[in-house]
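S.K.: Here it is: the structure, laid out below.
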Amino acid sequence: MLAYVLTGYGGAEAMELQDVPKPIAGPGEVLVKVFAAGLNPVDYKQREGAVRLITRPRLPLVAGSELAGIVEAVGPGVRRFATGDRVFARVDKASLGAFAEHAAVNEDLVALMPRSLSYAEAASLPLAGLTALQALRDELKVKPGMKVFISGGAGGVGTLAIQLAKHFGAEVTTTASPRGEALVRSLGADAVVDYTKDNIAAVLSGFDAALDLVGGETLEQTFKILKPGSTVVSIAGMPEPQTALKDLGAPAWLTVLFWAASFGLRGRAREEKVKYRYLFMHPSGEDLAVLARLVTEGRLKPVIDSSYPLEKIADAFAALEQGRAKGKIVVTMDSRAG
């Protein structure tokens, strides 16, 4: 089968299309004929070696974090899925495998995809959707009436986070360029700050919670706009000790490393009397089913920036790394992907 393989660490040359053996569904796994897969910043960060302290897969390895397709076969012990089911998944972080014509995935990471979506749309949901859901629901505990700030609202996670925060009853403010303002407002944002000209700390205040999707100066400004005692959850800042303990179950040395690396950032949060948390989402078929239900109810919709055939995946990565996508970039393996 054709697959996009991570052969080493480095730039674009470290990934290449190859003909590789088709996987077999092992115990507890389903074999998915992949119709589409989503691209995410973590995919090129893995290629660059930026997450080697957290996960060091054995190379070469078929890359890719999320997919949608049809169950072609089931392994021993599978009970929740059958051949022909239309499914989507955030694949295992260590084994990856989404950028291929077939993938074997543990059934616990899989859910039935919403009937209303194309495979391309469904493939864009798992990683970004799970990140937004787990940040807002589990970490920030967003409830009706809360005033929530989300930076980078026009990106892959941001477009879903705005919709989920509104579903939870929050008043949502986000950042976007003039080019992205209409999009984020159409998704439910109550207020939009133009990050190309405004310092958010100068124009915003009094927020109950924040989801940082940008990092850097924007994250440090975010500390200043929260009420004392509030929390910032980030996926773009620096991992901190709770990341190692809660999200990764990591050894003590990594906890200490994260403690040291995030010391200054946590100190600046304390100066503003707020809490800082870096989140690594966890794959979950159960949470994917929650997202699917929200899509079916009309409360959540994916936003696709662009789509490329698998043969053009290098072009898709080049577009992703420019950082200007509105919503998600996907690759398709089948003409039926939509």
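S.K.: Looking at 307, 284, 230, which is the one that is in contact with a Lys or Arg (Cβ under 9 Å, 6 or more places away or on another chain) and closer than 22 Å to residue 330 by Cβ?
M.R.: None of the others qualify; the one that does is 284.
S.K.: Every residue in the stretch 246-258 that is over 23 Å from the mean Cα position of the chain (by Cα) and surrounded by fewer than 16 Cβ atoms within 10 Å (Cβ to Cβ), please.
M.R.: The answer is 251, 252, 253, 256.
S.K.: Can I ask one more? What are the residue pairs meeting all of these: first residue in the stretch 317-330, first residue within 18 Å of residue 13 (Cβ to Cβ), second residue surrounded by fewer than 13 Cβ atoms within 10 Å (Cβ to Cβ), Cβ atoms under 9 Å, and 6 or more apart or on different chains?
M.R.: 317/12; 318/12; 321/12
S.K.: A further question follows. Please go through the stretch 285-322 and give me each residue that is polar (S, T, N, Q), at pLDDT 95 or above and surrounded by fewer than 19 Cβ atoms within 10 Å (Cβ to Cβ), ordered by number.
M.R.: The answer is 296, 306.
S.K.: Being assigned to a loop (DSSP other than H, G, I, E, B), in contact (Cβ under 8 Å) with a residue 60 or more places away in the chain and aliphatic (A, V, I, L, M) is the filter here; which residues of the stretch 82-95 pass it?
M.R.: Within the stretch 82-95, just 91 meets the criteria.
S.K.: Identify, by number, the condition in (1) closer than 21 Å to residue 51 by Cβ; (2) part of a loop (DSSP other than H, G, I, E, B) that residue 317 doesn't meet.
M.R.: Result: residue 317 fails condition (2) only.
S.K.: Could you list all residues from the stretch 103-131 that are crowded, with 24+ Cβ neighbours inside 10 Å, part of a strand (DSSP E or B) and touching a Pro at 6+ places or on another chain (Cβ under 8 Å)?
M.R.: Listed by number, the list holds a single entry, 103.
S.K.: Among 98, 73, 37, which is part of a strand (DSSP E or B), modelled with pLDDT of 95 or more and open to solvent by less than 10 Å² (accessible area, probe 1.4 Å)?
M.R.: Result: 37 is the single residue among 98, 73, 37 that is part of a strand (DSSP E or B), modelled with pLDDT of 95 or more and open to solvent by less than 10 Å² (accessible area, probe 1.4 Å).
S.K.: With respect to residue 278, is the statement that it is touching an Asp or Glu at 6+ places or on another chain (Cβ under 7 Å), within 24 Å of residue 155 (Cβ to Cβ) and crowded, with 16+ Cβ neighbours inside 10 Å true?
M.R.: Yes.
S.K.: Among residues belonging to the stretch 323-333 that are open to solvent by 30 Å² or more (accessible area, probe 1.4 Å) and not small (Gly, Ala, Ser), point out the one that is nearest to residue 88 (Cα to Cα).
M.R.: Among those that are open to solvent by 30 Å² or more (accessible area, probe 1.4 Å) and not small (Gly, Ala, Ser), it is 333.
S.K.: For residues that are touching a Ser or Thr at 6+ places or on another chain (Cβ under 7 Å) and open to solvent by less than 10 Å² (accessible area, probe 1.4 Å), scanning just the stretch 132-157, find the one that is nearest to residue 181 (Cα to Cα).
M.R.: In this case the residue turns out to be 153.
S.K.: Take the stretch 232-245 and flag every residue that is buried (at least 21 other Cβ atoms within 10 Å of the Cβ) and either basic (Lys, Arg) or touching a residue at least 40 places away in the same chain (Cβ under 8 Å) (or both).
M.R.: Passing the criteria: 232, 233, 234, 235, 237, 239.
S.K.: Still on this structure, please answer the following. Looking at 247, 208, can you tell me which residue is under 21 Å from residue 136 (Cβ atoms), of a type in the set (Asp, Glu) and part of a helix (DSSP H, G or I)?
M.R.: 247
S.K.: Taking residue 193, is it closer than 20 Å to residue 299 by Cβ, of a type outside the set (Gly, Ala, Ser) and at pLDDT 95 or above?
M.R.: Spelling it out, it is not the case that residue 193 is closer than 20 Å to residue 299 by Cβ, of a type outside the set (Gly, Ala, Ser) and at pLDDT 95 or above.
S.K.: So how many residues does the stretch 182-231 have that are in contact (Cβ under 8 Å) with a residue 40 or more places away in the chain, farther than 23 Å from residue 168 by Cα, open to solvent by 30 Å² or more (accessible area, probe 1.4 Å) and more than 23 Å from the chain's Cα centre (by Cα)?
M.R.: 1
S.K.: Related question: If you scan the stretch 211-230, which residues turn out to be assigned to a strand (DSSP E or B) and in contact with a Leu (Cβ under 6 Å, 6 or more places away or on another chain)?
M.R.: 212
S.K.: Here's a follow-up. Assess whether residue 79 counts as being out of contact with any Pro (no Cβ under 6 Å at 6 or more places or on another chain), open to solvent by 50 Å² or more (accessible area, probe 1.4 Å), farther than 16 Å from residue 285 by Cα and part of a loop (DSSP other than H, G, I, E, B).
M.R.: Criteria not met by residue 79.
S.K.: Output the qualifying pairs, or none if there are none: Cβ atoms under 6 angstrom, residues six or more apart or on different chains, first residue in the stretch 144-157 and on the phi < 0 side of the Ramachandran plot, second residue surrounded by 24 or more Cβ atoms within 10 Å (Cβ to Cβ) and among the acidic types (Asp, Glu).
M.R.: Sorted first by the residue in the stretch 144-157, then by its partner, the pairs are 151/212.
S.K.: Of everything in the stretch 40-70 that's open to solvent by 10 Å² or more (accessible area, probe 1.4 Å) and among the polar types (S, T, N, Q), which residue is farthest from residue 125 (Cα to Cα)?
M.R.: 55
The values are calculated or read from the model by the stated rules, or taken from the named source; none is laboratory data. If you're wondering where the values come from, they're calculated on a predicted model, not measured in any experiment. Cβ sites come from the backbone with ideal geometry, for glycine too, and all protein chains shown count toward neighbours. Only protein heavy atoms, including side chains, enter the accessible area calculation; ligands, DNA and RNA are left aside. Shrake-Rupley method; radii C 1.70, N 1.55, O 1.52, S 1.80 Å.
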